[in-house]
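Undergrad: Structure incoming, see below.
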Amino acid sequence: MKFEDRIKDIDRLQEKIKRHRPLNSRALQQLKEYYRIGLTYSSNAIEGNSLTESETKVVIEDGVTIGGKPLKDHFEAIGHSEAFDRIYTLAKRAGITEADILDLHRLFYYRVDSEKAGKYRTANIIVSGTNFIFPPPSEIPELMRYFAGEIPDIRQKKHPVEFAAYLHIRLVTIHPFVDGNGRTARLLMNLALMQEGYPITIIPPVIRGDYIAAVRESNKGKNRQFINLVSSMVYEAQKEYVRLLESLERI
C-alpha cells in the first residue's frame, strides 16, 4: 500500500481539534482508557501477541487470565498498560531523556524478564525479515546517549509528526533492547505526539506488512515511506479523535 504525505491535512485538522479544547476531566479520563486498550492491543498484536482486543481489555481492566493464552502475552498487555500511564505523565513536560526511554522499556518488560527490563542488550541480534546488521552491544550506550542528546535540536527542526516518526526510526535502527524495541518505539512516538498536542496514534495490525516494510527501509536510511505512513496514521487518528470528542460533547 502506498501512503501519502498528510502533513498539510494534519495541520488543518489540528486547528479543528484545538477548538474543542480544553476538555473536562471526565472526557480526558474516558479518552485515556479508550486509547489504553487500543494502543496496547495493536502494538502487541503487531509483534505476535495472541490476545484479541477484547481479551486485552479483560486482562488489563479485570485482571483475568485468558485460558489457553501464553502467560507472556498477559505480561505484555499489563506491562504496556503501565508504560502507557507513564507516557501520560511524561507528556506533561516538553523534554524526552535517555532515562525516559529506558523507563518505558522497563515498565513494559519487567514482568517478562526483570533482569533485562530497562537495560541495553549485551548480545548481537538477528531480526527475521531483514539483512540489516544492527549495532553491536558495545556501541549501544554511546549511540543512545547521542540519540537522546540530539532530541531537542531535531524537535526544533522538524514538523511534530516528522519528529515523532524520526524518534521511532532512530530507536528501532539502534535496536537497543533484547526485545520490545518496536513497542518502546511506538510508545516513544506517541509521547512525542502527545507533548505537541496530537492524539494517540495507533498502527493497526491490518497494515502490519506495510509498517514492517517501511521500518526496514528506514533502517537503511530511506525514511520517506515510513514518515508518510506515520503521517497517514496520525491523520486517521485525528479524525477518530474528532469523532470521539463530538460524541462526548453530546453526553
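The values are calculated or read from the model by the stated rules, or taken from the named source; none is laboratory data. These numbers were taken from a predicted model, which means no experiment stands behind them. In this analysis, Cβ positions are derived from the backbone assuming ideal geometry, glycine residues included, and neighbour counts consider all displayed protein chains.
Undergrad: Only one residue in Asp85, Asp73 is part of a helix (DSSP H, G or I) and closer than 27 Å to Leu245 by Cβ, so which one is that? Let's see the steps before the verdict.
TA: Working: Asp73 fails: closer than 27 Å to Leu245 by Cβ.
Of Asp85, Asp73, the one residue that is part of a helix (DSSP H, G or I) and closer than 27 Å to Leu245 by Cβ is Asp85.
Matching residues to (1) in contact with a strand residue (DSSP E or B) (Cβ under 9 Å, 6 or more places away or on another chain); (2) within 15 Å of Gly95 (Cα to Cα); (3) assigned to a loop (DSSP other than H, G, I, E, B):
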site	(1), (2), (3)
Phe134	no, no, yes
Ala148	no, yes, no
Gln156	no, yes, no
Glu162	no, no, no
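Undergrad: Could you say which residue among Leu107, Leu51 is surrounded by 17 or more Cβ atoms within 10 Å (Cβ to Cβ), part of a loop (DSSP other than H, G, I, E, B), touching an Asp or Glu at 6+ places or on another chain (Cβ under 7 Å) and in contact (Cβ under 8 Å) with a residue 12 or more places away in the chain? Before the answer, list the steps.
TA: Working: Leu107 fails: part of a loop (DSSP other than H, G, I, E, B).
Answer to the selection: Leu51.
Undergrad: Please identify the pairs in which a residue from the stretch 13-33 that is basic (Lys, Arg) has its Cβ atom under 8 Å from the Cβ atom of a residue that is assigned to a helix (DSSP H, G or I), counting only partners at least 6 apart or on another chain.
TA: Pairs found: Lys16/Val242; Lys32/Tyr88.
Undergrad: Confirm whether Gly67 is in a loop (DSSP other than H, G, I, E, B) and either farther than 27 Å from Ile154 by Cβ or free of Cβ contacts under 8 Å to residues at least 60 places away in the same chain (or both). I'd like the intermediate steps shown before the answer.
TA: Values: in a loop (DSSP other than H, G, I, E, B): yes; either farther than 27 Å from Ile154 by Cβ or free of Cβ contacts under 8 Å to residues at least 60 places away in the same chain (or both): yes.
So Gly67 passes the test.
Undergrad: Within the stretch 110-136, which residues are loosely packed, with under 14 Cβ neighbours inside 10 Å, at pLDDT 95 or above and among the small types (Gly, Ala, Ser)?
TA: Within the stretch 110-136, Ser114, Ala123 meet the criteria.
Undergrad: Mind counting the residues in the stretch 34-48 that are within 15 Å of Phe75 (Cα to Cα), more than 12 Å from the chain's Cα centre (by Cα) and in contact (Cβ under 8 Å) with a residue 40 or more places away in the chain?
TA: The number of residues fulfilling the criteria is 2.
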